[in-house]
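Peer 1: Can you keep this structure in mind? I'll have questions shortly.
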Amino acid sequence: MDGAVSNRSFINIHFEETMTANILQHCVKKIRNGLLKSSSHDASVKTLLITGKNVLWRHWRDAYNWSENAHTFTVNHKLTPSHLDPDPAEKMRNHLAEEVLDADMLHLMMTYRDSLSGNCDFLDSTIRLLENTSTMIKIFRDKRPIRSPADERLQQMQKVANFFCTWEDEILKGQMDTKHQRMSLLSYECRDDIQSCILGFVGFVKQSFKSTPNCEITPAMINSDVIENMFSQVRSTHNGSNSNPNLAMYGNIVNAIILGQNTLSVKSNAKGNGEVFSARPLQFYTKEGIKKHGKNKPKLANLNCR
């Protein structure tokens, strides 16, 4: 499910309890975009507030400038001006968004706070936000498989989800008017996507172990590359360039893709560096065989499509 309003309305209308999962990159970029708008200026669209302290994009700028000017070797060598002032094209780059919210950025912000003299608790909420975003990124980038529903990483993900829920409840149940509530929180779409990403992943893992107890799930392999590749083929490869195929066209296209295409993309995140982390081709078998039209056509049994 993408962030279209029609899709959100469809899910909310028809499903009370559903397991939908947004990919991490989408959520991280939306969090970063919300932080970019957070400022203490009077004309600012956002002034994020957590436990009574502001979370401002200026904190990232100050930490970066301190690291560049006060040290021969920077504390976080990944940061560049493109991270802090991305243009429209750079805002779409996944790594630029992740690297301002990961564990390295958390380390820089904590080191910067320790270097300040006097009252420096104004960074506490910023660091608390980074603690949760870095945990989320670390787990989704982990190549160690999850072999049990009691895995500690699932509990950590639940704590991250609780943090964002607590932040939202704190603002919405406070004494602010509606305008200041919207300014103090990330957008509704962003908050909804965060919960969908985390709870969808946790629900997917639990459901997988319920149906296949001995399975292994590698968090770093969870992505939507296969689905997006399929949609791109639906819209462009078959029936010409048609972004709105009708039902009859869509059915034939899906059959053609399933029978003739491979789910493994060389450029996808699921490819991995070795056989252990590579996605497997689509396989299916039929017990009855497939009947073809026409006379004297043989049946195909135990069909194995790769």
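The values are calculated or read from the model by the stated rules, or taken from the named source; none is laboratory data. Nothing here was measured: the structure is a model prediction, and the numbers come from that model. Cβ atoms come from the backbone with ideal geometry, glycine included; neighbour counts cover every protein chain shown. These area figures cover heavy atoms from the full protein model, side chains too; ligands, DNA and RNA do not enter into them. Shrake-Rupley method; radii C 1.70, N 1.55, O 1.52, S 1.80 Å.
Peer 1: Restricting the stretch 85-101 to residues that are surrounded by fewer than 17 Cβ atoms within 10 Å (Cβ to Cβ) and touching a residue at least 24 places away in the same chain (Cβ under 8 Å), which is farthest from the chain's Cα centre (by Cα)?
Peer 2: It comes out as Lys91.
Peer 1: Could you tell me whether the stretch 60-78 includes any residue that is under 26 Å from Cys197 (Cα atoms) and either at pLDDT below 95 or hydroxyl-bearing (Ser, Thr, Tyr) (or both)? Lay out the reasoning, then the answer.
Peer 2: The initial filter retains those residues of the stretch 60-78 that are under 26 Å from Cys197 (Cα atoms), namely 60, 78.
From what's left, either at pLDDT below 95 or hydroxyl-bearing (Ser, Thr, Tyr) (or both): 78.
Yes, the stretch 60-78 has at least one match.
Peer 1: Between Asp142, Asp114, Asp104, which is acidic (Asp, Glu), assigned to a helix (DSSP H, G or I), under 19 Å from the mean Cα position of the chain (by Cα) and more than 18 Å from Ile50 (Cβ to Cβ)?
Peer 2: Working: Asp142 fails: assigned to a helix (DSSP H, G or I); Asp114 fails: under 19 Å from the mean Cα position of the chain (by Cα).
On inspection, the qualifying residue turns out to be Asp104.
Peer 1: Pairs needed: first member in the stretch 181-197, within 12 Å of Val160 (Cα to Cα); second member anywhere, surrounded by 16 or more Cβ atoms within 10 Å (Cβ to Cβ) and among the aromatic types (Phe, Trp, Tyr); C-beta distance under 6 Å; at least 6 residues apart or different chains.
Peer 2: Partner pairs satisfying both residue conditions: Ile194/Phe164.
Peer 1: Now a separate question. The conditions are (1) among the polar types (S, T, N, Q); (2) over 20 Å from Ser38 (Cβ atoms); (3) in contact (Cβ under 8 Å) with a residue 60 or more places away in the chain, and Thr212 fails exactly one of them. Which is it?
Peer 2: Of everything listed in (1) among the polar types (S, T, N, Q); (2) over 20 Å from Ser38 (Cβ atoms); (3) in contact (Cβ under 8 Å) with a residue 60 or more places away in the chain, Thr212 misses just condition (3).
Peer 1: I would also like to ask the following. When you check Ser211 against the structure, is it surrounded by fewer than 10 Cβ atoms within 10 Å (Cβ to Cβ) and modelled with pLDDT of 70 or more, yes or no?
Peer 2: On the way: surrounded by fewer than 10 Cβ atoms within 10 Å (Cβ to Cβ): yes; modelled with pLDDT of 70 or more: yes.
When the stated conditions are applied, Ser211 passes them.
Peer 1: From the set of residues in the stretch 135-149 that are surrounded by 21 or more Cβ atoms within 10 Å (Cβ to Cβ) and of a type outside the set (Val, Ile, Thr), which is modelled with the lowest pLDDT?
Peer 2: Only one residue tops the list, namely Phe140.
Peer 1: Taking the stretch 214-237, which residues are under 16 Å from Leu154 (Cβ atoms) and either open to solvent by less than 50 Å² (accessible area, probe 1.4 Å) or modelled with pLDDT under 75 (or both)?
Peer 2: Of everything in the stretch 214-237, those that are under 16 Å from Leu154 (Cβ atoms) and either open to solvent by less than 50 Å² (accessible area, probe 1.4 Å) or modelled with pLDDT under 75 (or both) turn out to be Cys215, Ile217, Thr218, Pro219, Ala220.
Peer 1: Here's a follow-up. Name the single residue, out of those in the stretch 30-82 being in a helix (DSSP H, G or I) and more than 25 Å from Asp121 (Cβ to Cβ), that is nearest to the chain's Cα centre (by Cα). Give the steps one after another, and end with the answer.
Peer 2: Step one: list which residues in the stretch 30-82 are in a helix (DSSP H, G or I), which gives 30-36, 57-70, 81-82.
Okay, now just the ones that are also more than 25 Å from Asp121 (Cβ to Cβ), so 30, 33, 81-82.
Values: Lys30: 9, Asn33: 14, Pro81: 24, Ser82: 21 Å.
For the stretch 30-82, the residue satisfying everything is Lys30.
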